Each structure stands twice: as structure tokens, then as C-alpha cells.
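Read through the structure below, which is laid out as C-alpha cells, and then see the notes.
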Amino acid sequence: MTVVSRVPGVFPVGGRRLVVYVVFDRRGGVDDYVPYALAGLREHAAHVLVVVNGSLSDEGRGKLEAVSDEILVRENVGFDIWAHKDALDHVGSRLSEFDEVLLTNDTWFGPVRPYAPVFDRMGERATHFWGMTDHAREDPNPFTGKGVLPYHLQSFWIAVRREMFLSEEWARYWRELPEMPSYFDAVLKHETIFTDHFAQLGFTHDVAYPSAAYPTDHPALFNADLLLHDEAPLLKRRQFFHYPPYLDRHAVIGRRVLAEVEKYGYPMPILWQNLARNVAPKILNADAGMLEVLPPEDVSFDATKPFRIAVIAHIPDASLAPDLLGAIAEIGQPSSLFVTTNDEDSARVIEDILDQNPSADRLSAVVRVVPRRGRDMSALLVGLRDVLLSDDFDIVVKVHARRPKTRSANVVRYFHRYQTENLLGTAGYFANVLALFQREPGLGIVMPPMIHIGYATPGKGWAHYLPRATEVAKRLGIQVPFDGVSPLAPLGGMWICRPQALAPLLQADWKVEDFGKPATHRKADMARVLERLVTYGAGEAGYHTRTVLSLEHAGISHVSMEYKLDQLASTTPGYPIDQIQFLQRSGWMGKGGAVAMIRMYMNLNHPEVMERMRPVLAPLMRAARVSVGGLRRVLRSGAGLLKGGRR
């Protein structure tokens with residue numbers, strides 16, 4: 001029988017460490033940051049056991065086998081906590097062969113800084129268990145709104161010495177571990193109580209990077225740059241998928257953190273690959289600060305590494321051709337031009353314009369007549385499918401001369417300027433856009449941000465397109481999470497990309513008929529649905545998206561948005577996150593009628609009642625809206641008759 005001392009011990013020279021690393025991937029694969037993290041950990045472990053929650057592909061297994069000793073695949077239940085429990089049960093009596101067990105998971109990127117200094121420093125400390133980071137005590141508990149969130153080591157990295165993991169108290173804890181059907185269960189039933197539970201039993205704990213040494217209670221999320229400066233080996237992934245207004249409230253600047261990560265030599269392509277595939281693009285764009293404001297002069301393009309460029313221009317009306325073709329001619333890079341239009345007469349006019357305006361940079365020009373149905377998206381995915389799949393081009397520039405039909409002349413003019421100048425601009429500006437692709441091999445899409453001047457798109461980018469977009473994404477195998485409210489999408493229909501980033505959209509052999517009026521979701525035409533899926537498809541292929549603005553348009557956009565935000569925030573208290581949550585709790589305002597006001601009042605002040613009554617109230621509210629709308633129409637009609645009578 002093994003006799004175990006309760007006196008905390010150091011990690012002995014030549015000691016044996018068991019690493020239990022939990023992986024989850026919704027696709028059953030393994031992103032490249034995982035084997036990179038494990039390869040470094042293996043240098044400090046006698047045995048590496050990888051636990052996979054869910055399924056595991058053959059390719060994923062091959063990646064893990066190269067950097068681990070055992071792989072345990074289990075049903076995806078109980079989150080990482082029950083995965084650790086199953087791993088401990090799997091190891092069983094062999095646990096006594098080790099001096100330390102490290103329970104960790106795939107929620108971090110690393111090593112950004114070397115592991116060795118942390119293992120060496122903590123190995124010299126006599127303790128029963130230790131963590132990488134901790135979280136200060138909070139009152140009230142932010143998860144429940146009451147009680148206390150106790151001080152705790154964060155569960156993504158808990159190392160336990162043999163004096164503790166061979167104890168009866170340790171065995172009892174895991175034997176009596178409750179079920180954890182939700183993320184909040186995992187936090188409240190394990191992470192936040194684990195430290196205090198064992199401390200109450202007399203076990204000592206320590207932390208490599210204590211929150212007391214940093215300016216916030218949660219340095220793993222709020223002070224990642226400071227942790228890295230202090231040689232912390234890892235970076236939590238959460239700050240790149242957390243709710244952006246929350247990070248905004250705490251001035252967490254992801255762009256600066258990523259610059260630090262790159263400075264320390266972490267391979268950024270594997271970071272971007274994982275984030276692109278697993279984070280909603282608009283959230284990632286905000287959290288990582290992925291807007292690039294580019295000057296009109298070339299400051300970054302490497303002319304020794306040119307791209308093979310295809311410019312794809314949809315010009316349904318030949319009278320609009322000169323402006324767009326003129327902008328394309330000024331990009332200053334050798335390119336092949338492909339123009340689509342809707343009739344033979346327009347094609348001849350466009351060909352004449354091209355013949356009369358030769359360009360030294362134009363390698364070739366092709367004009368194709370395509371059906372009108374589906375506009376520029378059908379022209380791209382059907383009419384030029386062969387070009388996109390040809391492997392003849394590294395970069396595709398997609399532009400069009402389509403003009404919004406229901407907008408004023410000023411809005412139409414600004415829309416055209418905003419889209420073309422933020423992609424093509426000057427030759428120097430376009431070179432700077434290309435330099436982004438040179439710098440980042442995983443960059444798939446570059447596009448202007450959502451237009452908001454002259455448009456009311458913000459707040460309803462998905463609108464009635466979401467249900468059909470969800471169906472199409474499922475059919476195309478796109479599993480990148482959708483953003484709420486609005487997608488990150490080239491809603492103006494113009495972008496620059498690597499053709500490989502369009503692969504998920506191109507796997508469907510689209511026909512022009514697919515772009516007809518749908519039998520269901522009748523307002524959600526396929527062209528606009530696919531436009532909203534461009535970045536999500538790119539993410540599925542492992543490519544991330546950046547937004548770009550010229551200096552001029554950045555100035556125009558920022559001051560306009562700043563003023564509008566100031567006005568919108570003028571009637572609600574608190575920080576933006578408080579104002580947003582207040583308005584979202586209130587629910588849909590509509591036109592501010594009596595029914596809406598009553599519903600909003602109840603949502604804010606009696607949410608429990610509303611939740612119970614919702615199945616009953618929904619049809620009554622609809623009936624009330626119809627009645628009130630009918631009454632208004634009658635009153636308007638009566639007012640009109642009175643006016644007519646007075647004439």
C-alpha cells in the first residue's frame with residue numbers, strides 16, 4: 001500500500017509529469033495550434049494523454065498521435081471537467097507513477113513564451129496544486145447576481161502534486177462530481193469551487209501569475225499583454241470571441257495583444273486559422289481590431305512577390321462602364337480582366353470601350369454575357385465559375401457597376417465611391433491592399449466595412465435573410481458560428497480575395513435557376529444570401545477576413561458614426577454594454593406604438609411574467625397590432641375624406 005504524505009512537496013529533479021489535454025472541435029478535426037501546443041508540452045511530460053470530446057477524424061488522429069502517448073475519444077458531455085474525470089479514471093492506478101498531473105485544455109494558444117521558466121519556477125515551490133492564473137474574489141457573483149464568486153485558480157491549467165492526487169479527498173471529489181449540462185454548471189460547480197474546496201481540506205495552492213500583481217481581477221482576459229511581458233507561456237483564446245462591448249468596457253485591445261504575440265515569434269497563421277474557423281467573423285473583426293486604414297501611397301508592397309490577379313467586373317448597364325473600367329485601369333498591377341453583362345448590345349459597347357482605352361497593365365480582357373437573374377453573384381458563381389476554379393490566379397478583385405435603385409442620387413454616388421475607393425483607390429492604395437495578402441498567408445477576404453452613411457443597414461444586416469442563410473450554410477457544410485444582428489459581409493457586393501477562400505461556396509454547382517424567387521423565405525433571394533455567407537465560407541476554409549478603409553473614408557466614417565452613437569446613447573444610462581443590454585432586454589420597439597410600449601415595459605420590469613406568458617401573449621399581440629393598424633388606416637382614410645370635402 002502506498003503511504004502518501006500530506007506535506008506539500010516540490011516537483012523532484014527527474015520527476016514524472018502526466019499531462020491531460022482536452023480537445024474539442026465541432027468538425028472532429030484538430031486545428032494546427034493544438035499539436036503546436038502539445039509538442040512543446042511533451043518536452044516537460046513523461047506521458048501525454050489527449051482526451052477528445054466528440055468525434056475525431058483520421059487526419060486529426062494523425063496530428064495528435066505525433067505529439068501524444070495516448071488518445072481517449074469520449075462523448076461530448078460534461079465539458080472539459082468530465083473529460084478530465086474520465087481521463088483520471090482511464091489512468092487509474094497508474095496515477096501513482098507520476099509526481100504531478102497537469103489538467104489543461106485547448107482554450108489557449110501557446111507556447112507564446114517558453115514553458116520551461118514556468119515549470120522550473122513552480123516546480124521549486126512546495127505546494128499541493130498550482131495554476132497558471134487566478135481570478136480574484138467578486139461580490140456579488142457576476143454569474144448569479146448574488147452571493148460571492150470565491151477566489152479561484154482558473155481551471156484551464158491546474159497542476160496537482162502526488163501528495164494531493166493520491167489522497168482520499170481527491171478521489172472523493174471526482175467520484176462525487178455533479179453533472180454539468182451547461183457552461184455555467186462547469187463554472188459554478190467546478191472551476192469556482194475547486195480551489196476553495198481543497199483549501200478548506202488543508203491543501204495548499206499557488207499561482208504562477210497572481211491577479212494581485214496586475215491592475216485587474218482577471219489578467220488572463222484583461223491583461224494578456226502584461227502576462228506575456230512577464231513570460232507567461234500562453235494566451236487565452238477567449239479574448240477573441242468574447243462579447244465585444246464587454247471588452248470595450250474594459251479597454252481590452254486585441255490588436256495590441258496580437259502584435260505582442262507576433263513579436264514573440266508565435267506562428268500567427270495557425271492562430272488565424274483557428275479563429276477564422278471557430279469565431280463569428282464580426283466578433284473576431286471587432287475583438288482583434290482587424291480594420292486596416294491604408295494610405296494612398298505604397299508603403300508596404302513587395303514588388304518582387306507579385307500576384308496573378310483577376311479583376312471580375314459585373315456591368316449590367318454599359319453606360320456605367322467608363323467609370324468602373326477607368327478605376328480598374330488605375331490599379332497599377334498586371335491583371336486579367338473579366339467583365340460580365342446581361343445582353344449582347346452592352347457587351348459590344350464594353351468591348352469598344354476596352355479597345356479604345358488600352359492599358360499597359362491589362363494582360364487580357366474577356367467580356368461574357370450572363371443572365372440577369374442573380375445579378376453579380378450569379379455572374380460570379382455561375383458565369384465565371386471556371387475562372388475561379390482554374391488555379392490561374394492568386395487574387396480575385398470582385399467589383400460591379402450596379403447602382404441601388406431605391407436610393408437618392410447622393411446616396412448612390414457615395415455608395416459607388418465608398419465601395420470602389422476603399423478597394424481600388426490609387427495604385428499605391430491598391431498595392432497596400434495586396435501587401436496585406438503578402439503579409440498574411442491566411443488572409444482570405446478584404447472588403448470595406450458595412451456602409452452606414454445613407455443606409456440604415458446597421459442593426460439589421462441579417463433581417464429576413466437569416467433563416468435561408470442558415471439552411472444554405474448547412475447545405476454547404478459551413479460551421480463557422482453566425483454573428484447576431486448583422487453578418488460581417490460585403491453587403492455592397494465588392495471585395496478582394498484569394499479564390500481558395502470561395503471554395504465552400506463553389507462546391508455547390510450553382511445554376512442560374514438557383515437564383516430565382518424562392519418558394520419559401522420569399523424575400524430572401526439567393527444572391528443576397530450568398531453575399532452574406534462570403535466571409536463565413538472563407539472562415540470554414542480557414543481564411544480570415546479584414547476590413548479596409550482609405551484615409552479619407554476613415555475620417556468620413558468615424559466622425560459620422562461617433563455623432564450617431566452619441567445621439568443614440570443620449571437617452572439610456574451607463575456604458576455602451578449597459579445601454580445595449582437595456583435595449584435588448586426591452587425587445588423590438590417597432591414604431592413605438594402602445595402595444596410595443598406595454599411589451600417593453602413588461603420585458604424590463606417583469607421578465608419572469610413575460611417568459612411565462614409569451615406563448616399566450618404572442619398571438620394576442622399580433623391581433624392587437626392588426627387591430628391598431630386597421631384603426632389607423634381608417635382614421636387616415638377619414639382624414640383624407642375630410643380634406644377632400646373641404647376642398
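A short reminder: the numbers here are calculations on the coordinates, not readings from a lab. Given the structure is predicted, the values throughout are model-derived calculations rather than measurements. Cβ coordinates were reconstructed from backbone atoms using ideal geometry, including for glycine residues, and neighbour counts include every protein chain displayed.
Tabulated values for the structure
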{"read-out": "Local electrostatic count at Ala473 - Lys and Arg +1, Asp and Glu -1, tallied over other residues with Cβ under 11 Å", "value": "+2"}
{"read-out": "Exceeding the 22 Å Cα-Cα cut-off - candidates Lys282/Lys305; Lys398/Lys564; Lys405/Lys460; Lys282/Lys511; Lys63/Lys305", "value": "Lys282/Lys305; Lys398/Lys564; Lys282/Lys511; Lys63/Lys305"}
{"read-out": "Using alpha-carbon coordinates, inclination of helix 607-646 to the longest axis of the chain, degrees", "value": "20 degrees"}
{"read-out": "Convex hull of Cα atoms in region 90-201, direction-averaged projection (nm²)", "value": "8.4 nm²"}
{"read-out": "On Cα atoms only, tilt of 254-263 relative to the major axis of the chain in degrees", "value": "70 degrees"}
{"read-out": "Burial ordering of Lys591, Lys460, fewest other beta-carbon atoms within 10 Å first", "value": "Lys591, Lys460"}
{"read-out": "Cα point-scatterer Debye curve for region 137-224, base-10 log of I(q)/I(0) at q = 0.25 Å⁻¹", "value": "-1.45"}
{"read-out": "Dmax and Rg, reported as Rg then Dmax, of region 17-210 (C-alpha, Å)", "value": "16.3, 47"}
{"read-out": "Whole-Å semi-axes of region 293-559's equivalent ellipsoid (Cα gyration tensor)", "value": "26, 22, 20"}
{"read-out": "Angle in degrees between helix 268-278 and the longest Cα principal axis of the chain, rounded to the nearest 10", "value": "80 degrees"}
{"read-out": "As computed over the chain, the Cα convex hull volume per residue (Å³)", "value": "201 Å³"}
{"read-out": "Alpha-carbon Debye profile of region 464-594, log10 I(q)/I(0) at 0.10, 0.15, 0.16 Å⁻¹", "value": "-0.48, -0.94, -1.01"}
{"read-out": "Cβ-based exposure ranking for Thr535, Thr545, Thr571, in which fewest neighbours within 10 Å come first", "value": "Thr571, Thr545, Thr535"}
{"read-out": "For region 137-143, Karplus couplings with θ = phi - 60° (6.51, -1.76, 1.60), whole Hz, Gly/Pro x", "value": "5, 10, 9, x, 5, x, 7"}
{"read-out": "Value of D in µm² per second that Stokes-Einstein yields for region 32-129, Kirkwood Rh from Cα pairs, at 25 °C (0.890 mPa s)", "value": "167 µm²/s"}
{"read-out": "Residue-by-residue Karplus 3J(HN,Hα) for region 322-330, coefficients 6.51, -1.76, 1.60, Hz, glycine and proline x", "value": "x, 4, 5, 5, x, 5, 5, 5, 9"}
{"read-out": "Distance histogram for region 208-366 (every C-alpha pair counted, 10 angstrom bins, percent rounded to whole numbers)", "value": "9, 26, 20, 18, 16, 9, 3, 0"}
{"read-out": "Length gained when the stretch Ile556-Asp509 is fully extended (0.36 nm per residue, less Cα-Cα span)", "value": "12.8 nm"}
{"read-out": "Per-residue Cβ neighbour rank within 10 angstrom, fewest leading, Thr572, Thr144", "value": "Thr144, Thr572"}
{"read-out": "For His314, distant residues with modelled amide H under 5 Å away", "value": "Thr340, Val399, His400, Ala401"}
